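Right, one structure below, let's go through it.
The values are calculated or read from the model by the stated rules, or taken from the named source; none is laboratory data. Everything quoted here is computed from the prediction, not taken from an experiment. No Cβ is skipped: glycine too gets one built from the backbone with ideal geometry, and neighbour counts run over all protein chains shown.
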Amino acid sequence: MYWILGAVSSPWKEITLRQIGWPLQVSDGGDDTLAVAHKRIDAVGVSCFLVEMSSDALEIEITQATPADVGAAAPLFDAYRQFYKKPPNEEAARRFLFARLSKDESVMFLAWRGARAIGFVHLYPVFSSTNLTRQWILNDLYIDPEARKRGVAHQLMNRAHQFARSTQADGLTLETATDNHSAQRLYERLGWKRDEQFYRYFLAL
């Protein structure tokens, strides 16, 4: 299942959608996970983003991750991979994230409650040859189970949206499992549209 926000060209086909305004005002929804991949370009980022929502939402701090944050992010990243039936390997997750962040190949935002990271959103850049624009794949989203249903995913998604706009990208794209219904509800509340026109193909190597 493939989802897009904005005027987006996917890695496989191109489709133009209504541009969604910022910021988005939506109700809180379920928090879960998703998945894809690619490579970063230069970007304008904001290092810290404080968000306050309804009384049920957690007050958190959102920061753009650096290689120094890999120790805090790796346990969450490993749990995220296990959600997708991968065997646990926190050290491999740590090495992967350190490589991506130290080489500026991806952008990650961490949600903090106090000194503890409780969730992340992870972006990879792509380009549209036909639109001559940059775009971002919202590749990974994960929230600690104890912090779910409290607006954390909503806030991370909005932060990713704000970041993508700051880089003059014309859209964000993501995909999620067909049975990940709580995540799908969240995306729809945030203005994402499901691609009903094109198929995704993958060639294993």
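If the condition is being touching a strand residue (DSSP E or B) at 6+ places or on another chain (Cβ under 8 Å) and outside any loop (DSSP other than H, G, I, E, B), then the range 189-205 contributes LYS193, ARG194. Select from the range 160-189 the residues that are of a type in the set (Asp, Glu) and within 24 Å of TYR84 (Cβ to Cβ) and list them in ascending order. Correct list: GLU175, ASP179, GLU188. Taking the stated definitions as given, is THR66 in contact (Cβ under 8 Å) with a residue 12 or more places away in the chain, polar (S, T, N, Q) and within 18 Å of GLN162 (Cα to Cα)? It is false that THR66 is in contact (Cβ under 8 Å) with a residue 12 or more places away in the chain, polar (S, T, N, Q) and within 18 Å of GLN162 (Cα to Cα). Is the range 125-137 home to any residue that is hydrophobic (A, V, I, L, M, F, W, C), in contact with a helix residue (DSSP H, G or I) (Cβ under 8 Å, 6 or more places away or on another chain) and either in contact (Cβ under 8 Å) with a residue 60 or more places away in the chain or more than 24 Å from ALA68 (Cβ to Cβ) (or both)? The answer is no; no qualifying residue exists. In this structure, is GLN168 without any contact (Cβ under 8 Å) to a residue 40 or more places away in the chain and either surrounded by fewer than 18 Cβ atoms within 10 Å (Cβ to Cβ) or closer than 21 Å to ILE60 by Cβ (or both)? Taking the combined requirement at face value, the residue satisfies it.
Taking ASP144 as the residue in question, decide whether it is within 20 Å of PHE83 (Cα to Cα), touching a residue at least 60 places away in the same chain (Cβ under 8 Å) and surrounded by fewer than 20 Cβ atoms within 10 Å (Cβ to Cβ).
Criteria met by ASP144.
Only one residue in LEU97, LEU138, LEU110 is in contact with a Gly (Cβ under 8 Å, 6 or more places away or on another chain), at pLDDT 95 or above and under 23 Å from ALA72 (Cα atoms). Which one? Answer to the check: LEU110.
Can you tell me which residue within the range 150-170, out of those that are of a type in the set (Gly, Ala, Ser) and either at pLDDT below 95 or assigned to a helix (DSSP H, G or I) (or both), is farthest from PHE120 (Cα to Cα)?
SER166
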